[in-house]
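Q: Right, I'll just put the structure down here and ask away after.
The values are calculated or read from the model by the stated rules, or taken from the named source; none is laboratory data. Just so we're clear, the structure is a prediction, and the values are computed from it rather than from any experiment. So basically every Cβ, Gly included, is an ideal-geometry build from the backbone, and we count neighbours across all protein chains shown.
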Amino acid sequence: MLAGKNITLGITGGIAVYKAAQLAGNLKAGGAEVRIIMTLSARAFVSPLTFQVLSGNRVYTELFEPVGEWKVQHIELAAISDLLVVVPATANILGKVAGGVADDLLSTVIMATTCPVLFCPSMNVHMYQNPVVQRNITVLKDLGYHFAGPGKGRLACGAEGPGRLVELDVILDRIHTLLPSGGDLKGLKILLTAGPTQEPIDPVRYLTNRSSGKMGYALANAAAGRGAMVTLISGPTNLPAPYGVRLKRVETAGEMFDAVMEHFPCSDIVIKAAAVADYRPREAAGQKIKKTGSGLFIECVKNPDILAELGRRKTHQTLVGFAAETSNLEANAFQKVRGKNLDLLVANDVTLPGAGFDTDTNIVKLVYPGEHVLPLPMMGKPALAHRILDEVLNLRKNGQ
């Protein structure tokens, strides 16, 4: 995916600069050609030698240092970049770019480039929440610049809140999305489902589950970034629409069933990451049910089993399911693969730390027909999304 891509990292002066070093190494290991621009303040935190070793290229620091006899350095760096990532992005660099200031190498390259620019903010929570910084971020977004983060949590200064550098998995996922398409999934049509469903009890209540949709949305972002034509059918979530993805929002299992069956025949790969409610109330009350007596009985009926129906209907499609278990994971997974005619099942024990609903990480086992199991270590959901897509590609190459 990254092979042959030219990615320029702009490193500014923040405590999260050490994470930028890890990002540079990850991009290099993924096959990208990585070039580094370091500001003066960034060099106060980490030596340029560190980034030179990790990137395998010289580190650029000075505005008027020529690349060659006839090349102007900031123009050359701007021209060859497929993507420019500013990480960490301080309040200072955001303010410079928003105000049109170009007084050092990094800000000048940003002004001169025509490729996408991704800012990864990192700063003190009070700086981030300052109205001037928020205005600058709004200005930059309106101008077409891209952002990843910031994350929330404990900061180096001891404060709590938004401002910390977002996890590297999230940055890598945005990088994949923003790079020019033409990846290994180009030409394939992928149908994805994500999130929970909501089954109404009355106008103010419904049955649902704890699914956040993060895994399905990570898969959609990853697939689109690798060149696929992606249709995402999503239950209710609080997640932003993935870039470059056709998104259809639904609420109930019945609505999801109809949407999936509509798009299934023309799909090459179907990945059912949604947590669809198994049951729904037989009848939804037209008015709010008032509290009376000592209890409430709600008669439920089964919802259609979308995955099983896809297994019956599939012809050329590669079909991938998900299973959230709390016990007997492998035995339940084997039964699901056989019973629903799946090519691959992604199973996880949601009772494990780091693998439950609404987390940013997951711990899964990939289960194949014939009861072959491949356990994977804990990883971020964007990274896991790419791992799953790798497996799907392998299945298709092997004629499965």
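Q: ASP358: of a type outside the set (Ser, Thr, Tyr) and modelled with pLDDT of 95 or more, yes or no? It would help to see each step written out before you state the result.
A: On the way: of a type outside the set (Ser, Thr, Tyr): yes; modelled with pLDDT of 95 or more: no.
So ASP358 fails the test.
Q: Does segment 120-140 contain at least one residue that is surrounded by fewer than 19 Cβ atoms within 10 Å (Cβ to Cβ), touching a residue at least 24 places away in the same chain (Cβ under 8 Å) and closer than 18 Å to ASP360 by Cβ?
A: No; the residues of segment 120-140 include none that is surrounded by fewer than 19 Cβ atoms within 10 Å (Cβ to Cβ), touching a residue at least 24 places away in the same chain (Cβ under 8 Å) and closer than 18 Å to ASP360 by Cβ.
Q: Criterion first (of a type in the set (Asp, Glu) and in contact (Cβ under 8 Å) with a residue 24 or more places away in the chain) does ASP358 satisfy it? Full working, then the answer.
A: Working: of a type in the set (Asp, Glu): yes; in contact (Cβ under 8 Å) with a residue 24 or more places away in the chain: yes.
In short, yes.
Q: Taking segment 240-251 as the search range and keeping residues that are in contact (Cβ under 8 Å) with a residue 40 or more places away in the chain and surrounded by fewer than 20 Cβ atoms within 10 Å (Cβ to Cβ), which one is farthest from the chain's Cα centre (by Cα)?
A: For segment 240-251, the residue satisfying everything is GLU251.
Q: Do the conditions hold for VAL133, that is, is it modelled with pLDDT of 90 or more and within 22 Å of LYS5 (Cβ to Cβ)? Even if it seems obvious, please write down each step before you answer.
A: Details: modelled with pLDDT of 90 or more: yes; within 22 Å of LYS5 (Cβ to Cβ): no.
Considered against the rule, which asks whether it is modelled with pLDDT of 90 or more and within 22 Å of LYS5 (Cβ to Cβ), VAL133 comes out as no.
Q: Give me the pairs: first residue in segment 36-59 and farther than 20 Å from ALA78 by Cβ, second residue assigned to a helix (DSSP H, G or I) and β-branched (Val, Ile, Thr), beta-carbon distance under 7 Å, and six or more apart or on different chains, which are they?
A: The qualifying pairs are PHE45/VAL17; VAL46/VAL17.
Q: Go through the residues of segment 370-379 one by one and say whether even a single one is within 17 Å of the chain's Cα centre (by Cα), outside any helix (DSSP H, G or I) and in contact (Cβ under 8 Å) with a residue 12 or more places away in the chain. Give the derivation first.
A: Pass one, segment 370-379, residues within 17 Å of the chain's Cα centre (by Cα): 378-379.
Subset that is outside any helix (DSSP H, G or I): 378-379.
Next cut, in contact (Cβ under 8 Å) with a residue 12 or more places away in the chain only: 378-379.
Yes, segment 370-379 contains at least one residue that is within 17 Å of the chain's Cα centre (by Cα), outside any helix (DSSP H, G or I) and in contact (Cβ under 8 Å) with a residue 12 or more places away in the chain.
Q: Within segment 136-162, track down each residue that is at pLDDT below 80 and not in a loop (DSSP other than H, G, I, E, B).
A: Within segment 136-162, GLY151, LYS152, GLY153, ARG154, GLU160, GLY161, PRO162 qualify.
Q: Pick out the one residue from LEU188, LEU178, LEU143, LEU165 that is among the aliphatic types (A, V, I, L, M) and under 14 Å from the mean Cα position of the chain (by Cα). Break it down into steps so the answer makes sense when it comes.
A: On the way: LEU188 fails: under 14 Å from the mean Cα position of the chain (by Cα); LEU143 fails: under 14 Å from the mean Cα position of the chain (by Cα); LEU165 fails: under 14 Å from the mean Cα position of the chain (by Cα).
LEU178 is the lone residue from the list that is among the aliphatic types (A, V, I, L, M) and under 14 Å from the mean Cα position of the chain (by Cα).
Q: Just to be sure, is ASP349 acidic (Asp, Glu) and over 20 Å from the mean Cα position of the chain (by Cα)?
A: Numbers: acidic (Asp, Glu): yes; over 20 Å from the mean Cα position of the chain (by Cα): yes.
In short, yes.
Q: Just checking, which of LYS314, LYS291, LYS365 is closer than 18 Å to ILE388 by Cα and not aliphatic (A, V, I, L, M)?
A: Values: LYS314 fails: closer than 18 Å to ILE388 by Cα; LYS291 fails: closer than 18 Å to ILE388 by Cα.
Result: LYS365 is the single residue among LYS314, LYS291, LYS365 that is closer than 18 Å to ILE388 by Cα and not aliphatic (A, V, I, L, M).
Q: Kindly establish whether HIS146 is farther than 30 Å from TYR279 by Cβ and in contact with a Pro (Cβ under 8 Å, 6 or more places away or on another chain). Quick ask: steps written out before the conclusion?
A: Details: farther than 30 Å from TYR279 by Cβ: yes; in contact with a Pro (Cβ under 8 Å, 6 or more places away or on another chain): yes.
When the stated conditions are applied, HIS146 passes them.
Q: Scan GLY163, GLY153, GLY149 and give me the residue that is buried (at least 17 other Cβ atoms within 10 Å of the Cβ) and either without any contact (Cβ under 8 Å) to a residue 40 or more places away in the chain or not assigned by TED's automatic domain parsing to the domain that holds ALA20 (or both). Don't jump to the end; show me each part of the working.
A: Numbers: GLY163 fails: either without any contact (Cβ under 8 Å) to a residue 40 or more places away in the chain or not assigned by TED's automatic domain parsing to the domain that holds ALA20 (or both); GLY153 fails: buried (at least 17 other Cβ atoms within 10 Å of the Cβ).
Testing whether each residue is buried (at least 17 other Cβ atoms within 10 Å of the Cβ) and either without any contact (Cβ under 8 Å) to a residue 40 or more places away in the chain or not assigned by TED's automatic domain parsing to the domain that holds ALA20 (or both) leaves just GLY149.
Q: Just give me the residues in segment 257-289 being of a type in the set (Gly, Ala, Ser) and either assigned to a strand (DSSP E or B) or at positive phi (or both), in sequence order.
A: Taking segment 257-289 first, the residues of a type in the set (Gly, Ala, Ser) are 259, 267, 273-275, 277, 284-286.
Within segment 257-289, ALA275 is the sole residue that qualifies.
Q: Taking segment 1-34, which residues are in contact with a Pro (Cβ under 9 Å, 6 or more places away or on another chain) and either aliphatic (A, V, I, L, M) or assigned to a loop (DSSP other than H, G, I, E, B) (or both)? If you could, list the steps in order and put the result at the bottom.
A: To start, the set of residues in segment 1-34 that are in contact with a Pro (Cβ under 9 Å, 6 or more places away or on another chain) comprises 5, 11-17, 19-20.
If the condition is that a residue be in contact with a Pro (Cβ under 9 Å, 6 or more places away or on another chain) and either aliphatic (A, V, I, L, M) or assigned to a loop (DSSP other than H, G, I, E, B) (or both), then LYS5, ILE11, THR12, GLY13, GLY14, ILE15, ALA16, VAL17, ALA20 are the ones that fit.
Q: For ASN341, work out the one condition from (1) out of contact with any Leu (no Cβ under 8 Å at 6 or more places or on another chain); (2) assigned by TED's automatic domain parsing to the domain that holds GLY195 it doesn't fulfil.
A: For ASN341, the exception is condition (1).
Q: Out of VAL337, VAL320, VAL367, VAL346, which single residue is in a helix (DSSP H, G or I) and either touching a residue at least 60 places away in the same chain (Cβ under 8 Å) or surrounded by 15 or more Cβ atoms within 10 Å (Cβ to Cβ) (or both)?
A: Details: VAL320 fails: in a helix (DSSP H, G or I); VAL367 fails: in a helix (DSSP H, G or I); VAL346 fails: in a helix (DSSP H, G or I).
Going through VAL337, VAL320, VAL367, VAL346 in turn, the sole match is VAL337.
Q: Pairs, please: C-beta under 9 Å, at least 6 apart or cross-chain, first residue within 8 Å of GLU33 (Cα to Cα) and in segment 1-14, second outside any loop (DSSP other than H, G, I, E, B) and of a type in the set (Asp, Glu)?
A: If the second residue must be outside any loop (DSSP other than H, G, I, E, B) and of a type in the set (Asp, Glu), the pairs left are GLY4/GLU33; LYS5/GLU33; ASN6/GLU33; ILE7/GLU33.
Q: Considering only residues that are under 28 Å from the mean Cα position of the chain (by Cα) and either assigned to a loop (DSSP other than H, G, I, E, B) or hydroxyl-bearing (Ser, Thr, Tyr) (or both), which ones fall in segment 91-135?
A: Those that are under 28 Å from the mean Cα position of the chain (by Cα) and either assigned to a loop (DSSP other than H, G, I, E, B) or hydroxyl-bearing (Ser, Thr, Tyr) (or both): SER107, THR113, THR114, CYS115, PRO116, SER122, MET123, ASN124, TYR128, ASN130.
Q: Are any residues in segment 63-81 in contact with an Asp or Glu (Cβ under 9 Å, 6 or more places away or on another chain) and at pLDDT 75 or above, and if so, which ones?
A: Correct list: LEU63, ILE80.
Q: Still on this structure: In this structure, does ALA218 turn out to be farther than 24 Å from ASP358 by Cα and either in contact with a Gly (Cβ under 9 Å, 6 or more places away or on another chain) or of a type in the set (A, V, I, L, M, F, W, C) (or both)?
A: Values: farther than 24 Å from ASP358 by Cα: no; either in contact with a Gly (Cβ under 9 Å, 6 or more places away or on another chain) or of a type in the set (A, V, I, L, M, F, W, C) (or both): yes.
Against the criterion (farther than 24 Å from ASP358 by Cα and either in contact with a Gly (Cβ under 9 Å, 6 or more places away or on another chain) or of a type in the set (A, V, I, L, M, F, W, C) (or both)), ALA218 does not qualify.
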